[in-house]
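Dumping the structure here so I can ask a few things about it.
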Amino acid sequence: MIKVLRLGHRAGRDDRISTHVGLTARQWGADQIVYSGEKDSNMLESLGDTVDRWGGETDIIYTENWKEQVREFEGLKIHLTMYGLRIDEEQENLQEQIEKNEDLMIIVGAEKVPRWIYENVDYNISVGNQPHSEIAALSVFMDRFLEIKEDFKDAEIEVEPSEDKKKTESLKDRQ
């Protein structure tokens, strides 16, 4: 089980970033994406629509109580932060830990992340120690440690790779 927890979503300000966190998490096989902060029904609906059209079984939920999500999660908890240990230096150890654990929670922030997170996860990891986006951190981390998902159950549409144009195929037509 792979769970991505997005802390501190701010409606109106973080819509695009939070949507892209969800898209990234889904592409690398997250089973669940949990948003906290301000409830944003439009953003949640947009991600749900992506899952409906492009397939997959990723649950997208909102919670007011993110601490409970962290406390109750029994697997490996990794917080991605520019202040953490460098991913390059921890890669071998992280790979071993990820392989040992069936469940993985990856936490990314929006606004200032509370100190409580730093103290209640297994690892605070950075993909770089300079300011960067949570999308970049999540993408780099997931690409290093997880396989990109290729098959999405119940997809209605899929991309046909093309060298020079956007090309999609409706899978409804095949049925």
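The values are calculated or read from the model by the stated rules, or taken from the named source; none is laboratory data. Bear in mind that the values here come from a model prediction, so they are computed numbers and not experimental data. Quick reminder, even Gly has a Cβ in these numbers, built from the backbone with ideal geometry, and neighbours come from all protein chains shown.
Among the numbered criteria (1) at positive phi; (2) without any contact (Cβ under 8 Å) to a residue 40 or more places away in the chain, which one does residue 56 miss?
(2) is the only condition that residue 56 fails.
In contact with a strand residue (DSSP E or B) (Cβ under 7 Å, 6 or more places away or on another chain), among the polar types (S, T, N, Q) and within 21 Å of residue 149 (Cα to Cα), is that true of residue 58?
On the way: in contact with a strand residue (DSSP E or B) (Cβ under 7 Å, 6 or more places away or on another chain): yes; among the polar types (S, T, N, Q): yes; within 21 Å of residue 149 (Cα to Cα): yes.
Here the answer is yes, as residue 58 does meet what is asked.
Something else now. Restricting attention to region 116-166, report how many residues are at pLDDT below 90 and among the basic types (Lys, Arg).
Of the residues in region 116-166, 2 are at pLDDT below 90 and among the basic types (Lys, Arg).
Given (1) part of a helix (DSSP H, G or I); (2) under 22 Å from residue 127 (Cβ atoms); (3) of a type in the set (Ser, Thr, Tyr), identify the lone condition not met by residue 46.
For residue 46, the exception is condition (2).
Let me ask another. Of all residues in region 15-28, which are of a type outside the set (Lys, Arg) and either out of contact with any helix residue (DSSP H, G or I) (no Cβ under 8 Å at 6 or more places or on another chain) or within 14 Å of residue 47 (Cα to Cα) (or both)?
Taking region 15-28 as the starting set, the residues that turn out to be of a type outside the set (Lys, Arg) are 15, 17-25, 27-28.
If the condition is that a residue be of a type outside the set (Lys, Arg) and either out of contact with any helix residue (DSSP H, G or I) (no Cβ under 8 Å at 6 or more places or on another chain) or within 14 Å of residue 47 (Cα to Cα) (or both), then 15, 17, 18, 19, 20, 21, 22, 23, 24, 25, 27 are the ones that fit.
If you don't mind, there's one more thing I want to ask. Just one of (1) more than 23 Å from residue 120 (Cα to Cα); (2) assigned to a helix (DSSP H, G or I); (3) free of Cβ contacts under 8 Å to residues at least 40 places away in the same chain trips up residue 17, so point out which.
Answer for residue 17: the failing condition is (3).
Still on this model: Could you list, in sequence order, the residues of region 118-175 that are of a type in the set (D, E, K, R) and under 16 Å from residue 7 (Cβ atoms)?
Correct list: 119, 134.
Further, regarding this structure: Within region 66-80, how many residues are surrounded by fewer than 18 Cβ atoms within 10 Å (Cβ to Cβ) and either in a loop (DSSP other than H, G, I, E, B) or touching a helix residue (DSSP H, G or I) at 6+ places or on another chain (Cβ under 6 Å) (or both)?
Total satisfying the criteria: 2.
Moving on. Looking at region 98-113, which of its residues are surrounded by 13 or more Cβ atoms within 10 Å (Cβ to Cβ), of a type outside the set (A, V, I, L, M) and modelled with pLDDT under 95?
101, 109
Could you tell me whether region 52-64 includes any residue that is modelled with pLDDT under 95, part of a helix (DSSP H, G or I) and not basic (Lys, Arg)?
For region 52-64, residues modelled with pLDDT under 95, part of a helix (DSSP H, G or I) and not basic (Lys, Arg): present.
Can you go through 19, 24, 63 and tell me which one is of a type outside the set (D, E, K, R), within 29 Å of residue 158 (Cβ to Cβ) and surrounded by fewer than 20 Cβ atoms within 10 Å (Cβ to Cβ)? Break it down into steps so the answer makes sense when it comes.
Values: 24 fails: surrounded by fewer than 20 Cβ atoms within 10 Å (Cβ to Cβ); 63 fails: within 29 Å of residue 158 (Cβ to Cβ).
Selected residue: 19, the only one of 19, 24, 63 that is of a type outside the set (D, E, K, R), within 29 Å of residue 158 (Cβ to Cβ) and surrounded by fewer than 20 Cβ atoms within 10 Å (Cβ to Cβ).
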